[in-house]
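Take a look at the structure below.
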Amino acid sequence: MSREYVLDQFHGPVELKIDYARELNEQQFAAVTAPPSPALVIAGAGSGKTRTLTYRVAYLLEQGIPPERVLLLTFTNKAAREMMRRANDILGSDLSSLWGGTFHSIGNRILRRHADRLGYKPDFTILDREDSKDLVQACIDAAKIDVTEVRFPKADMLADIFSMAVNTHQAIHKVLENNYRHFAGMGETIGNLQKAFQERKRINNVMDFDDLLVLWLKLLREHEDVREQYQRRFQFILVDEYQDTNKLQSDLIDLLAERHRNLMVVGDDSQSIYSWRGANFKNIFEFPKRYPEAKVYKIETNYRSTPEILEVANAVIATNTQQHQKRLVAAKKSGDKPVLVICGDAREQAAFVGQRVLELRDEGINLNEIAVLYRSHFHALELQLELTRRNIPFTITSGIRFFEQAHIKDISAFLKLLHNPNDEISFKRLVRLLPGVGNKGADKLWACFDAGIKALPPAAEHPTAMALQSCAKSVGKKTVVAWAQFTTTVAQIEAPDVRNKPAVVLNLVLEAMYEEYAEDSFANYSIRLDEIDQLINFAQTFTD
C-alpha cells in the first residue's frame, strides 16, 4: 500500500543571545516571538510599542532571517533609525542591509531603481510644497482659466485636492463633494488640471511626495517582474503606527505581503488622529477581515501613567463602538485622582485655569512645570486672554498663538482699519486678500487711499469707504469686482449703528467676503472658520 511521504522542514537549534522573556513583559513577548503569519499588534498608549518592534526585528534576525529580507515601515525616518539603532545595540551586528524608513523613503529608493518603467529617469527630482504649487499654477495658466471670472481654487488648494484624491483613492469629483462642496461643479475642469499636472511632472522628470507612493504602487501593479522581485525579497514586513495609514499605503502593504503574508502591523485604533490627511482607521480595524488567519496580540501594560489616569482613559475608550477591545493596566504606583471641573462656559473655564495656575505657583510649583492641554487651537482663545490679564507668562507649543494666525489677523485687520484709517499695515494686509493685488499693488493703493483719507473733511461719515471709492480707478481689471465688494463691505461696517459692535462687524465681514476667501485659500478652511466663530463669540462680550 503506497502512502505520501512528507518531508518535514529541519531547523538546527537556534542559540539566542537575548533572553526575550526577561527583557519583555508577557504580552510583549508573545508579539515579539509570534510565528510567521499575519499579526495585528494593538499597542495601547505608553505600552512599549517601539520596544516591541525593536525586539521583533532582533528576534527575526536571531532566527536566521537575513536583514535584507526584512522591511520596516515607520511613520518617520527618525523612528526607523532609532529602532534599527536599538536593534543593532541589542544584537551587536550590522543592520545596514535591513530596509527601514517611511513609506516615502522606501518608495523613493525603489523608484530610483525602476524609474524607466514609468517614463522617468533615475535622477528625477522631488518637488517640495512650493514647487508643486508653482507647477499647478503653470497648469492653470496653460489652460487659460480666468480665475477672476469664476470662483476657482488657488494653486496650493488644488495641490491639496490632488493629494487627497490620490491618497484616498477617490476620484476628483468625490473629493470635491466630500470636502470642497463649493467647488463641486468644477469637477471636470479640476480633473483635467490634475491630468495636466501629472503629465508635466513626467515631462520635467520630477515627482512630488505623493508620487513616491502613487507611482510605487503603479510600478508594482503594472510590472509583474518588479512586483515579484520585492514580494520575494521582503519575507517579513513590519509596519509601525498602522492606524495612521491611508488607503494608498494600505494597498502597498497588502501587495508587498501577498506572497509570504508574514505581515505584522502595530498600532492603536484609539490613537488615530490624521483623518484630515487621508488616514483611515478602518485599515487597522478591518485588518482581521483582510487577513482572516491573522492573530491579534494586545499590549495593555502602560508604563507612563498612574492607575487613576488610566481608569479615566479606559472609561473614555469603552464608549467607542468601533474598536479592538482593550484595557490599559498601569505599571506605575497609585497617584492623585484626576479632577473633573464643570464650567458654565469657556470664559469660566479660562478663569478657573488662570486661578488654579496662580494657586499652584503659590504652593511652590514652578510655572515651567504646569501645562494646559486643549482639544482644538481655538479653545485657547479665552485662555490666552485670561493668562495675559492675570500677567501669567506662557508659551504655545501646539502652533502659533491664536491672534498670530493668518486668518485671525486677516479678519482682525478690518476692525483695526475701521477704527484707524491711518493703519498702513492693516490696509495692505486687506487689499492683498483681493485677486490681482501683490506687494507692489498694495503700495500703490495705499498711496492712493492715504491721500484720499487726508483729503476728506474730519466730519466725513464714511471716511474709509469714501477713500476706497476714490481709488476704484487705480485697481487692475482682475481686482475691479472684488474692490467694489470690499468698498461696500467697509461702508456697511462703518455705519454708526454697527462700527462699535465688533461681533456684528466680524459677522458682516465673514458673510460678505472672508468666508469665500477662506474656502478658496485654505485646505483646512472649516477649522479656520470655526476659530473665527470662536473669535466672534468672544467679541460679543464687548459692547459700545
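Quick look at the numbers
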| item | result |
| --- | --- |
| Degrees between helix 224-233 axis and first principal axis of the chain (Cα, 0 to 90, nearest 10) | 70 degrees |
| Residue 246 long-range amide H proximity, modeled H, under 5 Å | 280 |
| Gap separating the Cα centres of segment 210-260 and segment 184-204, nearest whole Å | 26 Å |
| Normalised contact order of segment 105-164, rounded percent, pairs of Cα under 8 Å and 6 or more residues apart | 27 percent |
| For segment 472-544: span of alpha carbons on each principal axis (Å, largest first) | 41, 35, 13 |
| Average accessible surface area per residue within segment 486-544, 1.4 Å rolling probe, Å² | 45 Å² |
| Dipole of segment 395-478, positive end: most advanced residue of 436, 448, 420 [Cβ charges, Cα centre] | 436 |
| Probe 1.4 Å, accessible area per residue of segment 93-137, Å² | 49 Å² |
| Added length on full extension, which subtracts the Cα-Cα distance from 0.36 nm per residue, residue 121 to residue 356 | 78.4 nm |
| At 1.002 mPa s and 20 °C, Stokes diffusion of the chain via Kirkwood alpha-carbon radius, µm² per second | 77 µm²/s |
| Tilt relative to the chain, helix 380-389 - C-alpha long axis, 0 to 90 degrees, to 10 | 60 degrees |
| Segment 19-96 shape via C-alpha gyration tensor axes, a/c threshold 1.5 | rounded |
| Convex hull volume per residue in cubic angstrom - Cα atoms of segment 403-505 | 93 Å³ |
| Karplus (6.51, -1.76, 1.60) ³J(HN,Hα), θ = phi - 60°, over segment 25-41, in Hz, Gly and Pro reported as x | 7, 4, 6, 4, 4, 4, 6, 4, 9, 4, x, x, 3, x, 9, 10, 9 |
| Charge dipole of segment 176-230 about the Cα centre (unit charges at C-beta), most positive-ward option of 185, 216, 196 | 185 |
| Pairwise label distance in nanometres, residue 16 with residue 540, each label 7 Å out on the Cα-Cβ vector | 6.3 nm |
| Across the chain: Cys residues that no other cysteine approaches within a C-beta distance under 4.7 Å | 139, 343 |
| Charged-residue dipole, Cβ positions (Lys, Arg, Asp, Glu), the chain about Cα centre, Debye nearest 20 | 860 debye |
| Ellipticity estimate at 222 nm from DSSP helix runs (n ≥ 4, -39,500 (n - 2.57)) divided over the chain, nearest 500 | -15500 deg cm²/dmol |
| Net charge dipole size for segment 1-137 [Lys, Arg +1 and Asp, Glu -1 on Cβ; Debye, nearest 20] | 220 debye |
| P(r) tail fraction, segment 80-153 - alpha-carbon pairs more than 20 Å apart, % | 60 percent |
| Whole-number accessible area per residue in Å² for segment 373-421, which is evaluated in the context of all protein chains at 1.4 Å | 55 Å² |
| Surface/4 of the Cα convex hull for segment 410-451, nm² | 2.6 nm² |
| Percent carbon-and-sulfur accessible area, the chain, ignoring ligands, DNA and RNA, probe 1.4 Å | 51 percent |
| Pairs of alpha carbons in segment 198-317 whose separation is greater than 19 Å (percent) | 59 percent |
| Gain on full stretching of the segment that runs from residue 461 to residue 63 - 0.36 nm per residue minus C-alpha separation | 134.8 nm |
| The chain: angle of helix 211-222 to the longest principal axis, Cα-based, in degrees nearest 10 | 40 degrees |
| Cross-link partners of residue 298 among lysines (Cα-Cα below 21 Å; sequence separation of 8 or more within a chain) | 49, 282, 289, 326, 332 |
| Ratio of the Cα radius of gyration of segment 283-437 to 2.2 N^0.38 Å, where N counts its residues | 1.55 |
| P(r) histogram, all alpha-carbon pairs of segment 158-252 included - 5 Å bins from 0, percent | 3, 11, 19, 20, 19, 13, 9, 5, 2, 0 |
| Charge tally in the Cβ shell below 13 Å around residue 208, where Lys, Arg are +1 and Asp, Glu are -1, residue 208 excluded | -3 |
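The values are calculated or read from the model by the stated rules, or taken from the named source; none is laboratory data. Everything numeric in this text was worked out from a predicted model, so none of it was measured. Every residue, glycine among them, receives a Cβ derived from its backbone with ideal geometry; neighbour counts consider all protein chains shown. Note: areas computed on protein heavy atoms with side chains; ligands, DNA, RNA excluded. Shrake-Rupley method; radii C 1.70, N 1.55, O 1.52, S 1.80 Å.
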